[in-house]
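A.B. asks: Dropping a structure here in structure tokens format, bear with me for questions.
The values are calculated or read from the model by the stated rules, or taken from the named source; none is laboratory data. It should be emphasised that the depicted structure is a prediction, and the values quoted were computed from it without experimental measurement. Here the Cβ positions follow ideal geometry from the backbone for every residue, glycine too, while neighbour counts run over all protein chains shown.
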Amino acid sequence: MAELPVLEEDLFSDDAIADPFPLYRRLRDLGPVVHLQTQGFPAVGRFADVRSVLGDASTFVSGQGVLWNDVANELTRGTTLASDPPEHAQLRKLVASRLTPRSLGVLRDEVDRKGRAVVDAALEAGEVDAVPAIAEAMPLSVVPDFLGFPEECRPHLLRWARGGVEAGAPVSARSPQAVEAAVELGQYAGHLVATRGIAEGTLGHDVLDALDAGVIDEQRCTALMLDYFGPSLETTLSAIGNAIALFTDHPDQWDLLRSDPEGLMASAFNEVVRLETPFRAFTRVASRDTEIDGVPVAVGTRIGVLFSSANRDERRWDDPDAFDIARRNSDHVGLGYGEHACAGQGLAKLEFAAVMGELARRVERFEPAGERVLTVSGLVRSYSSLPVRLVPARS
Amino acid sequence: MRVTVDRDRCEGHAQCVAVAPDVYDLDAGYVAVVRNGPEIPEHLRPLAALGADVCPVMAILVED
């Protein structure tokens with residue numbers, strides 16, 4: 001392979017996680033394909049290159065895993081995430097049909113009601129840590145029921161989900177604890193499959209039905225059970241928390257959203273996910289000798305695909321660091337793109353719109369009420385604490 | 001010009017309808033359809049292309 005420009009700093013160090021954006025910019029300026037010295041393989045960070053890699057799922061494959069370390073890539077074998085066409089499309093149809101907007105329509109009223117309940121409680125308290133009170137409360141009130149997971153596991157879900165996601169990050173001091181939680185989660189999923197402990201009429205039960213129909217085997221059944229679980233909590237709570245932080249800092253944008261919550265909610269969601277991308281990056285592997293933007297890439301090369309860098313690429317976005325909910329932003333890559341685009345995005349948007357729409361109708365502004373704490377996580381950008389005061393709208 | 005939606009691939013995210021409502025619509029089953037398609041007038045090309053561009057699952061094909 002040709003000499004690539006090298007990024008010497010680790011994109012996943014604690015400091016870089018706290019403020020990765022200057023490093024992403026440097027990476028983009030170094031070239032279309034940049035060798036990451038710490039990880040030992042290259043990455044793409046420009047918008048056009050990220051889109052083209054994600055858009056060509058037969059050249060840049062997922063079947064050897066899409067995560068950032070070998071153990072996680074081994075553990076996620078058999079998931080939709082780590083599968084390739086044509087099998088990928090079958091798996092995705094099998095488990096994701098309940099996640100499409102067409103199927104989610106019937107859930108809208110229920111999710112809206114849960115959004116109202118979350119906002120009722122927060123407004124009653126007046127001053128809250130928006131992470132547990134709102135950002136976590138919303139997906140926790142929707143996702144476990146949607147998957148059909150029993151009540152007994154709910155106290156563990158957040159820790160398992162966090163561990164499950166962090167276990168996919170480059171190996172770090174955070175890994176051992178994360179892997180431990182991920183293994184617990186895997187064992188629990190295996191137990192649910194073995195005991196058929198999942199409520200009927202749910203996504204989880206669809207997967208069991210596929211097992212009983214002989215469409216998939218038991219190992220794959222467990223893998224698929226996990227496919228939609230980890231990402232469904234972590235990313236949604238990240239988006240809701242990041243939204244509240246951004247709207248606290250940009251009251252003019254909150255006023256704008258409040259002026260037309262229905263009309264602006266979709267672009268507000270996109271803008272939050274663009275600017276503070278919940279899930280930072282996956283990887284792919286080149287299935288043949290190819291090139292990216294004129295740079296040769298050899299067969300077998302693992303390539304980092306940096307969504308959050310692409311979402312601030314000045315080659316695509318005017319004033320990329322500005323929070324502007326009215327900008328044209330539907331083509332952001334915060335939910336991936338193409339074959340493997342986030343299958344749960346319909347549900348995530350439903351949850352986001354329910355809780356943020358209710359807040360927009362009832363809260364005039366958010367005021368900071370204490371120190372924010374950013375979560376130190378290799379792959380997910382979110383807050384672990386976000387104290388705010390909710391100033392009620394005069395009705 | 002010819003614009004088609006792969007009905008098997010479309011998941012109904014409606015991004016195309018959001019950016020180009022003059023070209024795209026959702027049918028009763030939440031699948032994207034091309035208004036008065038598949039052959040559409042040339043002046044709608046930029047909008048049709050924009051709709052294809054924002055489709056998260058690459059279900060829209062714009063051809064000459």
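A.B. asks: Return the residues of the range A:103-142 that are surrounded by fewer than 21 Cβ atoms within 10 Å (Cβ to Cβ), acidic (Asp, Glu) and touching a helix residue (DSSP H, G or I) at 6+ places or on another chain (Cβ under 7 Å); say none if nothing qualifies.
C.D. replies: A:112
A quick yes/no check of all residues on (1) in contact with an Asp or Glu (Cβ under 7 Å, 6 or more places away or on another chain); (2) within 14 Å of chain B (Cβ to nearest Cβ):
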{"position": "A:46", "(1), (2)": "yes, no"}
{"position": "A:49", "(1), (2)": "yes, no"}
{"position": "A:61", "(1), (2)": "yes, no"}
{"position": "A:67", "(1), (2)": "no, no"}
{"position": "A:89", "(1), (2)": "no, yes"}
{"position": "A:92", "(1), (2)": "no, yes"}
{"position": "A:103", "(1), (2)": "no, yes"}
{"position": "A:112", "(1), (2)": "no, no"}
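A.B. asks: Here is a check on your reading of the model: is residue A:93 surrounded by 19 or more Cβ atoms within 10 Å (Cβ to Cβ) and among the basic types (Lys, Arg)?
C.D. replies: no
A.B. asks: Quick one: is residue A:164 over 17 Å from the mean Cα position of the chain (by Cα) and either closer than 20 Å to residue A:350 by Cα or touching a residue at least 60 places away in the same chain (Cβ under 8 Å) (or both)?
C.D. replies: For residue A:164, the condition - over 17 Å from the mean Cα position of the chain (by Cα) and either closer than 20 Å to residue A:350 by Cα or touching a residue at least 60 places away in the same chain (Cβ under 8 Å) (or both) - is not met.
A.B. asks: Can you name the residue in the range A:207-241 that is closer than 15 Å to residue A:149 by Cα and among the polar types (S, T, N, Q) and is also surrounded by the fewest Cβ atoms within 10 Å (Cβ to Cβ) among such residues?
C.D. replies: A:222
A.B. asks: Follow-up question, since we're still on this one. Before we move on, is residue A:28 away from chain B (no Cβ under 14 Å), part of a loop (DSSP other than H, G, I, E, B) and either in contact with a Phe, Trp or Tyr (Cβ under 8 Å, 6 or more places away or on another chain) or among the charged types (D, E, K, R) (or both)?
C.D. replies: No.
A.B. asks: A further question follows. Any chance the range A:184-199 includes a residue that's on the phi > 0 side of the Ramachandran plot and either more than 25 Å from the chain's Cα centre (by Cα) or surrounded by fewer than 21 Cβ atoms within 10 Å (Cβ to Cβ) (or both)?
C.D. replies: yes
A.B. asks: Please find, within the range A:114-154, the residue that is nearest to the other protein chains (Cβ to nearest Cβ) out of those that are free of Cβ contacts under 8 Å to residues at least 12 places away in the same chain and under 24 Å from residue A:198 (Cα atoms).
C.D. replies: A:151
A.B. asks: If we scan the range B:4-11, do we find a residue that is modelled with pLDDT under 95 and among the polar types (S, T, N, Q)?
C.D. replies: Among the residues of the range B:4-11, not one is modelled with pLDDT under 95 and among the polar types (S, T, N, Q), which makes the answer no.
A.B. asks: Scan the range A:334-366 residue by residue and report those that are closer than 21 Å to residue A:382 by Cα and at the interface with chain B (Cβ under 9 Å from one of its Cβ atoms).
C.D. replies: Listed by number, the residues that qualify are A:335, A:336, A:341, A:342, A:343, A:345, A:346, A:349.
A.B. asks: Still on this structure: Test residue B:62 against the criterion of being hydrophobic (A, V, I, L, M, F, W, C) and away from every other protein chain (no Cβ under 14 Å), and give yes or no.
C.D. replies: Against the criterion (hydrophobic (A, V, I, L, M, F, W, C) and away from every other protein chain (no Cβ under 14 Å)), residue B:62 qualifies.
A.B. asks: Okay, moving on. How do the strands (runs of 3 or more DSSP E) wholly within the range A:289-395 filter down when requiring 1 or more residues that are touching a residue at least 60 places away in the same chain (Cβ under 8 Å) and closer than 30 Å to residue A:98 by Cα: which remain?
C.D. replies: So the answer is A:302-306, A:383-385.
A.B. asks: A follow-up question, please. From the list A:364, A:358, A:351, pick out the single residue that is under 18 Å from residue A:231 (Cα atoms) and acidic (Asp, Glu).
C.D. replies: A:351
A.B. asks: Anything in the range B:21-58 that is in contact (Cβ under 8 Å) with a residue 24 or more places away in the chain and at the interface with chain A (Cβ under 10 Å from one of its Cβ atoms)? List them, or say none.
C.D. replies: B:31, B:50, B:51, B:54, B:55, B:56, B:57, B:58
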